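Student: Just passing along the structure, written as structure tokens.
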Amino acid sequence: MDDKHVEHRYEDFYQKADAKSRHAAEVDRRQFMVAAGATAAVAALGFAVSEAQAAFSERTAGITQDGPMQLIGTGVSAQERFFNEFKSASGGLEVTGQVASLSDSVQKWLTGGHKTFSMIETNAFRTPALEEAGTISPIPIEKITNWEFADDLFTDPNHVGADHTSGWPTKMVFWDDSRTALKMVPKIYNTDALGILPHKFAETQQDHAIPDTLGVLYEGKWRDIDLRGKVSIQNEDLIGPPRAASYLVKNRKMDPVKVGFGDLEPDELTNVIDFLIGAKKDGVFRALWTNYGEAVNLLASEEVWGIDCWNPVVEDVKKQGVPCSYIDVWEGTSAWYYGMCLSSEAPQPEVAMAYMDWCLDGWRGAADAEQGYYSPCPDTAKSILTEEAWLKWYEGRGRDTGPLLRRQANIAYWMIWPRNVTLFIKEWNRFLAA
């Protein structure tokens, strides 16, 4: 299972997935461009995007504010450069943000922060907790003018990469089945898998192969290489168990799950944690990482050779001159999206919704691409990105992971809010204490 890269393993699968995607979407955009004429299609798309930008400018013209609208989010999104660009695009509307970790931002929001912050930016799988607490409100779809450019992945539950069991990601996008309002406006998304230092592996192998399996994270060995003490996994109670479960099931070390990797039953969860405790006692893990910077440092310092991480982590390690590869493992990746929710007591709801709309605009999508993230509205990003940048970030030219459709086809599961969330937390704490 470890002698070929995922590109070769799934070549036929991607072709089938591509056909499935075209069927589900009814009209593939690339086919449309060929049928209608590439020049005319591009011109039409550019005109539509410019119309949306004009509509955004017109809508924000009537919004007033007494002071900056406040939001809370992580460091990848709550940045001054974004706030400044929005101010320019909106004709003077001001936004300020508080940076916090995913768990801290949600905790602050649920303990009264929703009365101060007009919006929160967080991972979609945390949205049910915000909704159950009555702290978020529906976002009228007409307020998000760029939503017409949304990727089919977020609007069509049958699209390649969507989870037919959980209904993700569309389940968390729309407020209800009427689809007249949004629950969480997607901002960025990606799929997570494995960061590898290729020179630690390929140089010792006659075929110059590097791992394409999650097994390097848990088994302490790949081929003839002892990896104990050379790998790290994320310290996250809702992410760790599903990823380990996907490895166990796909490698026939565990029976198929009854519902889904992200929604494990109690007995399945117990088996997964027992497996992780065994790996921990065997000295497999060098460390458990908790934040972005820590993951970057573990790889950049070559303290670890393999790590479950986010795509931008690998990009930042490369910028430090350390060879690093992002591997879409053969077991499949975990998908997530990060989005924006409106407070049920938002002090400035109109400014918040205008900012959400702007976050789907081309400038923001292009900026997020350079961080290694996909925009949920790729057509708007394409209107701003250079051809070289578009080919790299979306078509995969020169990128470890390949094109976007390839990655969608290799999604094993979506990070969701499990039914047994309390048990997930309890069992993960059992792993930490072992």
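Student: Go over the candidates Ser105, Ser88 one by one and state the one that is in a helix (DSSP H, G or I), in contact with a strand residue (DSSP E or B) (Cβ under 8 Å, 6 or more places away or on another chain) and among the hydroxyl-bearing types (Ser, Thr, Tyr).
Tutor: That would be Ser105, the only listed residue that is in a helix (DSSP H, G or I), in contact with a strand residue (DSSP E or B) (Cβ under 8 Å, 6 or more places away or on another chain) and among the hydroxyl-bearing types (Ser, Thr, Tyr).
Student: Still on this structure, I have one more. Would you check if there is a residue in region 115-123 being touching a Pro at 6+ places or on another chain (Cβ under 6 Å) and either free of Cβ contacts under 8 Å to residues at least 40 places away in the same chain or among the polar types (S, T, N, Q) (or both)?
Tutor: Yes: region 115-123 contains one or more residues that are touching a Pro at 6+ places or on another chain (Cβ under 6 Å) and either free of Cβ contacts under 8 Å to residues at least 40 places away in the same chain or among the polar types (S, T, N, Q) (or both).
Student: Could you please find all residues in region 145-169 being out of contact with any strand residue (DSSP E or B) (no Cβ under 6 Å at 6 or more places or on another chain) and either charged (D, E, K, R) or under 16 Å from Cys341 (Cβ atoms) (or both)?
Tutor: Across region 145-169, the qualifying residues are Trp147, Glu148, Asp151, Asp152, Asp156.
Student: Among the listed residues Ala434, Ala389, Ala409, Ala381, identify the single one that is over 25 Å from Leu360 (Cα atoms) and of a type in the set (Gly, Ala, Ser). Steps first, please.
Tutor: Details: Ala389 fails: over 25 Å from Leu360 (Cα atoms); Ala409 fails: over 25 Å from Leu360 (Cα atoms); Ala381 fails: over 25 Å from Leu360 (Cα atoms).
Answer to the selection: Ala434.
Student: Okay, next question. Looking only at region 150-181, count how many residues are aromatic (Phe, Trp, Tyr), assigned to a loop (DSSP other than H, G, I, E, B) and at pLDDT 95 or above. So that I can check it myself, show each step before the final result.
Tutor: If we filter region 150-181 for residues that are aromatic (Phe, Trp, Tyr), which is where we start, we get 154, 168, 174-175.
Next cut, assigned to a loop (DSSP other than H, G, I, E, B) only: 168, 175.
From what's left, at pLDDT 95 or above: 175.
Result for region 150-181: 1.
Student: Of all residues in region 119-148, which are open to solvent by less than 30 Å² (accessible area, probe 1.4 Å) and either out of contact with any helix residue (DSSP H, G or I) (no Cβ under 9 Å at 6 or more places or on another chain) or under 17 Å from Thr74 (Cβ atoms) (or both)?
Tutor: Those that are open to solvent by less than 30 Å² (accessible area, probe 1.4 Å) and either out of contact with any helix residue (DSSP H, G or I) (no Cβ under 9 Å at 6 or more places or on another chain) or under 17 Å from Thr74 (Cβ atoms) (or both): Met119, Ile120, Glu121, Thr122, Asn123, Ala124, Phe125, Arg126, Thr127, Ala129, Leu130.
Residues are listed down the side, and each one gets a yes or a no for (1) open to solvent by 50 Å² or more (accessible area, probe 1.4 Å); (2) under 22 Å from the mean Cα position of the chain (by Cα); (3) polar (S, T, N, Q); (4) over 25 Å from Leu238 (Cα atoms):
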| site | (1), (2), (3), (4) |
| --- | --- |
| Tyr394 | no, yes, no, yes |
| Gly398 | yes, yes, no, yes |
| Thr401 | no, yes, yes, no |
| Leu405 | no, yes, no, yes |
| Asn420 | no, no, yes, no |
| Ile425 | yes, yes, no, no |
| Arg430 | yes, no, no, no |
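Student: Assess whether Ala367 counts as being surrounded by 23 or more Cβ atoms within 10 Å (Cβ to Cβ) and not in a strand (DSSP E or B).
Tutor: Answer is no for this residue.
Student: Quick one: in region 185-214, of everything that is assigned to a loop (DSSP other than H, G, I, E, B) and surrounded by fewer than 18 Cβ atoms within 10 Å (Cβ to Cβ), which residue is farthest from the chain's Cα centre (by Cα)?
Tutor: As a first pass, look at region 185-214 and keep what is assigned to a loop (DSSP other than H, G, I, E, B): 197, 201, 205-214.
From what's left, surrounded by fewer than 18 Cβ atoms within 10 Å (Cβ to Cβ): 205-209.
Values: Gln205: 33, Gln206: 35, Asp207: 32, His208: 30, Ala209: 27 Å.
For region 185-214, the residue satisfying everything is Gln206.
Student: Can you name every one of the helices (runs of 4 or more DSSP H) wholly within region 241-343 that holds 3 or more residues which are closer than 20 Å to Arg430 by Cβ, without any contact (Cβ under 8 Å) to a residue 40 or more places away in the chain and open to solvent by 10 Å² or more (accessible area, probe 1.4 Å)?
Tutor: Working: elements: 266-281, 292-300, 311-319.
Those helices (runs of 4 or more DSSP H) span 266-281.
Student: Let me ask another. Might you check whether a residue that is of a type in the set (D, E, K, R) and at pLDDT below 95 occurs anywhere in region 246-256?
Tutor: Initially, region 246-256 is screened for residues of a type in the set (D, E, K, R), giving 250, 252-253, 255.
Next cut, at pLDDT below 95 only: none.
Scanning region 246-256 turns up no residue that is of a type in the set (D, E, K, R) and at pLDDT below 95.
The values are calculated or read from the model by the stated rules, or taken from the named source; none is laboratory data. Worth saying up front: this structure is predicted, and the values here are computed from it rather than measured. Here Cβ is always computed from backbone atoms with ideal geometry, including for glycine, and neighbour counts include all displayed protein chains. For the accessible areas, the whole protein counts, side chains as well, though only heavy atoms, and no ligand, DNA or RNA atoms are used. Shrake-Rupley method; radii C 1.70, N 1.55, O 1.52, S 1.80 Å.
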